[in-house]
1. Can you say whether Gly94 is outside the structural domain of Leu270 (by TED's automatic domain parsing) and among the small types (Gly, Ala, Ser), as far as the supplied structure shows?
2. Out of (1) part of a helix (DSSP H, G or I); (2) closer than 22 Å to Glu32 by Cα, what's the single condition that is false for Asp159?
3. Being within 7 Å of the ligand (Cβ to nearest atom) and either closer than 18 Å to Ala272 by Cβ or among the small types (Gly, Ala, Ser) (or both) is the filter here; which residues of the range 192-207 pass it?
4. Keeping to the range 175-191, report how many residues are aliphatic (A, V, I, L, M), more than 9 Å from the ligand (Cβ to nearest atom) and within 14 Å of Leu247 (Cα to Cα).
5. So which residues in the range 1-32 are within 14 Å of the ligand (Cβ to nearest atom) and either surrounded by fewer than 17 Cβ atoms within 10 Å (Cβ to Cβ) or modelled with pLDDT under 95 (or both), if there are any at all?
6. Hey, among Arg139, Arg122, which residue is surrounded by 13 or more Cβ atoms within 10 Å (Cβ to Cβ) and in a loop (DSSP other than H, G, I, E, B)?
7. Evaluate the range 198-218: report whether one residue or more is among the charged types (D, E, K, R), over 27 Å from Ala34 (Cβ atoms) and modelled with pLDDT of 95 or more.
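The values are calculated or read from the model by the stated rules, or taken from the named source; none is laboratory data. From a predicted model like this one, the values you see are computed outputs, not experimental measurements. A quick note on method: Cβ atoms are made from the backbone with ideal geometry, for glycine too, and the neighbour counts reach across all protein chains shown.
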Amino acid sequence: QLAYVAGRLVPLRDAHVHVEDRGLQFADALYEVAAVMNGRMLDWDGHLTRLRRGCAALFIEFSMSDAALLAQAQRLVAVNGHRDALLYMQLSRGTARRDHGFPLHARPTLVMTVRRFDFAQRIGQQARGVGVITVNDMRWQRVDLKTTGLLANVLAKQDARAAGAFEGWLVSADGDVREGGSTNAYIVRDGTIITHPLSAHILPGIARATLLRLARDAQITVVERPFTLDEALAADEALLTSTTAPLLPVVTIDGRPVGDGAPGPVAARLAALVWDEIA
Ligand code: PDD
């Protein structure tokens with residue numbers, strides 16, 4: 001297993017960043033997780049665009065060209081020999097003596113790892129549906145930026161795991177369901193898909209963009225507006241998406257059934273469209 005660390009391929013066990021890397025000390029770093037299916041990188045442009053947008057918003061001066069970044073990512077996937085995998089990319093502001101303000105001379109640190117991932121496991125989960133629990137959204141106010149500051153997400157996921165659930169849904173003080181710890185969230189009401197609009201309060205998911213495009217192309221109505229936990233509990237169906245879980249029906253929320261507590265017809269139809277597109 002090889003990893004990419006600041007320009008070099010190194011054995012994963014020797015793949016280290018400096019103790020004064022700002023990613024480590026301040027979570028002053030962006031990341032992306034991209035899927036590789038049948039040796040093909042999915043939605044690369046979407047991931048790249050989101051990373052570049054994050055760099056611009058955080059003033060991280062990342063000078064590598066799009067072509068060079070893609071070439072390095074593809075090389076890492078190829079040398080590891082995976083057909084189905086997740087590529088993790090992390091870009092920090094760089095290494096410098098600890099000081100909150102930006103360093104004058106640091107160069108961004110890019111690291112990438114890749115691991116085998118069995119997307120087929122999602123098919124079984126899709127057939128059964130998954131449960132979610134709800135937690136307060138206590139993240140900062142720019143979660144549209146994909147930074148590595150994920151402690152609130154980690155705690156939400158751990159609460160979910162402890163409860164035997166797949167995901168923790170992050171609910172605002174007003175009772176709006178924003179998204180999951182690492183997934184976007186949707187409900188279905190009378191055949192219409194409802195999902196939180198893009199804003200500083202959710203991550204603009206790549207799988208979300210794909211799902212909404214496919215749904216609209218199939219003449220399924222999509223409404224991007226906040227929805228409350230009460231609405232979710234009264235919905236016909238609920239769903240989640242991410243790069244690692246392209247579409248999963250949510251069949252319970254805090255242990256209470258959504259609809260009749262089984263995956264519904266809209267989820268099934270969307271899942272077929274999504275797998276048709278990516279597999
Ligand atoms: N998570 N919302 C949050 C908070 C996320 O962390 C993610 C992705 C998503 C879905 O985004 P996308 O469709 O681009 O994967 C939504 C990645 C997979 C992770 O942290 O592992």
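1. It is true that Gly94 is outside the structural domain of Leu270 (by TED's automatic domain parsing) and among the small types (Gly, Ala, Ser).
2. It fails just one condition, (2).
3. Gly205, Ala207
4. 2
5. Within the range 1-32, just Ala27 meets the criteria.
6. Answer to the check: Arg139.
7. no
Here's the yes/no breakdown for (1) under 24 Å from Val274 (Cβ atoms); (2) within 14 Å of the ligand (Cβ to nearest atom); (3) over 23 Å from the mean Cα position of the chain (by Cα); (4) assigned to a loop (DSSP other than H, G, I, E, B):
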{"residue": "His47", "(1), (2), (3), (4)": "yes, yes, no, no"}
{"residue": "Ala68", "(1), (2), (3), (4)": "no, no, yes, no"}
{"residue": "Ala73", "(1), (2), (3), (4)": "yes, no, no, no"}
{"residue": "Arg83", "(1), (2), (3), (4)": "yes, no, no, yes"}
{"residue": "Arg98", "(1), (2), (3), (4)": "no, no, yes, yes"}
{"residue": "Pro103", "(1), (2), (3), (4)": "no, no, yes, yes"}
{"residue": "Ala106", "(1), (2), (3), (4)": "no, no, yes, yes"}
